Structure formats: C-alpha cells, structure tokens
1. Give all pairs with beta carbons closer than 9 Å in which a residue from region 79-103 that is more than 23 Å from Gly128 (Cα to Cα) meets a residue that is in a helix (DSSP H, G or I) and of a type in the set (Val, Ile, Thr); count only pairs at least 6 apart in sequence or on separate chains.
2. Counting only residues that are in contact (Cβ under 8 Å) with a residue 12 or more places away in the chain and within 22 Å of the chain's Cα centre (by Cα), how many does region 110-132 have?
3. Any residue at all in region 113-121 that's assigned to a loop (DSSP other than H, G, I, E, B), of a type outside the set (Phe, Trp, Tyr) and open to solvent by less than 40 Å² (accessible area, probe 1.4 Å)?
4. Just checking: which of the helices (runs of 4 or more DSSP H) contained wholly in region 1-77 hold 2 or more residues that are within 27 Å of Leu187 (Cα to Cα), free of Cβ contacts under 8 Å to residues at least 40 places away in the same chain and not acidic (Asp, Glu)?
5. Might you check whether a residue that is more than 20 Å from the chain's Cα centre (by Cα), exposed (fewer than 14 other Cβ atoms within 10 Å of the Cβ) and closer than 26 Å to Phe174 by Cα occurs anywhere in region 80-92?
6. Kindly indicate whether Phe174 is aromatic (Phe, Trp, Tyr), open to solvent by 80 Å² or more (accessible area, probe 1.4 Å) and more than 20 Å from the chain's Cα centre (by Cα).
7. Please work out which residue is surrounded by the most Cβ atoms within 10 Å (Cβ to Cβ), limiting yourself to region 124-170 and to residues that are among the hydroxyl-bearing types (Ser, Thr, Tyr) and assigned to a helix (DSSP H, G or I).
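The values are calculated or read from the model by the stated rules, or taken from the named source; none is laboratory data. Remember, predicted model here, so these are calculated numbers, not experimental data. Here the Cβ positions follow ideal geometry from the backbone for every residue, glycine too, while neighbour counts run over all protein chains shown. When the accessible area is computed, the model is the full protein with side chains, heavy atoms only, and any ligands, DNA or RNA have been set aside. Shrake-Rupley method; radii C 1.70, N 1.55, O 1.52, S 1.80 Å.
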Amino acid sequence: FLFLYAPIIILIVFSFNAGNSSSVWKGFSLHWYGELFHNRLIMHSVYITLMVSLLATVIATLAGTFASIGLYSMRRKKRGVLMAVNNIPLTNADIITGVSMMLLFVFAIGVFNSSFISEALGVRWRTGFGTLLLAHITFNAPYVILSVMPRLRQLDPNVYEAAQDLGASGWYAFRKVILPLSLPGVLSGIT
C-alpha cells in the first residue's frame, strides 16, 4: 500500500508548498489553491465534470432500474443473452470502452453530417457534452442493472399482481410496491 499511496501523499503535501519547486519544501502556503480557484479554465472543467457525473448518475440509475425491471420480466433465455451483453462493458477495460465509444461517435457523426437529413435540417452534429454524457451513461448503466437485478429476484412475484388485484393501476403499483422494495438495489447502483 505504501508503494501505491506514497506518490499521492507526497503530491498532497507538496501542494501546500510555498515555492515553485515540487521537490524543495519552502514552507506551508495556500497560494497555489488560490491560483487554482482563480483559473477559469480549470474551474470550467470542474463544473463540466460535476455536471456530467451528476447527470450520468441520475440518468443511468433511472435507465438501469427500468432496464432491470424489463429484464426481470423476460423469459430466462432472452434475459441470459441480454445480461451477457450487459456484462461486456464490465469485463472490458475502461480505456477500451472509452476509445470504442469515441470512435463510434466520430463515425456516427461523420455519417450523419454527410447525410441528406443533416443537409435538409441544416444541423451539424459534433462531439461535446452530449456525447460525453452518453458515454458515461452507457458505462454506468450496467452497474445499476447488476445491483437492481438481485433485489428484484428476491421479491415475491405475486406482490405486483396483488396490488393490481386490490385496485392499483400499473404505474401506482410500480411506484408504491415494486420501487420501494427494490430501493436498496437502486441505491447500491447509484454508488
């Protein structure tokens, strides 16, 4: 652990260094943190990072929860195939997934921008916040699905039908019965 964390600890300590050098200690100072917070480019990057992480978490949690419910309702064979596809991003290295998503977006945008639809609408698509957000959602949703599915398997399959037999609509039964019972899995998927 020392081998792994020592460089990080040294970096943290030297971030409070009064001097310009990262190897010679010249005293304690918060000067560099002041410089950091006054740097517009870095603060904009922090803002984009926080927005992408917050939106990706919320959207992936919603999409993953609904996908889990849909997968749970499927027949075993179809569910098995889709769960295998769901596990691909989990077994793949993160950098491979990221580069693959970038190549997909660049290719798709190139095809779309050269098509008749793009010319007719006068819209030119490009990579940016939207593609970054979509890539993060694609990366996070399988984790939510894997967190919610076991919780759904623990539920009594007759609870939803019982709520409907008592007069609840489909949406009301989902909101008042299924969602609260699967909430531990959803909260685990958020993290």
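1. Close Cβ pairs satisfying both conditions: Met83/Ile145; Asn86/Ile145; Ile88/Thr97.
2. Qualifying residue count for the region: 5.
3. Taking every residue of region 113-121 in turn, at least one turns out to be assigned to a loop (DSSP other than H, G, I, E, B), of a type outside the set (Phe, Trp, Tyr) and open to solvent by less than 40 Å² (accessible area, probe 1.4 Å).
4. Because the criterion is at least 2 residues that are within 27 Å of Leu187 (Cα to Cα), free of Cβ contacts under 8 Å to residues at least 40 places away in the same chain and not acidic (Asp, Glu), the helices (runs of 4 or more DSSP H) in region 1-77 that meet it are 40-73.
5. yes
6. In short, no.
7. Filtering region 124-170 for residues that are among the hydroxyl-bearing types (Ser, Thr, Tyr) and assigned to a helix (DSSP H, G or I), the one surrounded by the most Cβ atoms within 10 Å (Cβ to Cβ) comes out as Ser147.
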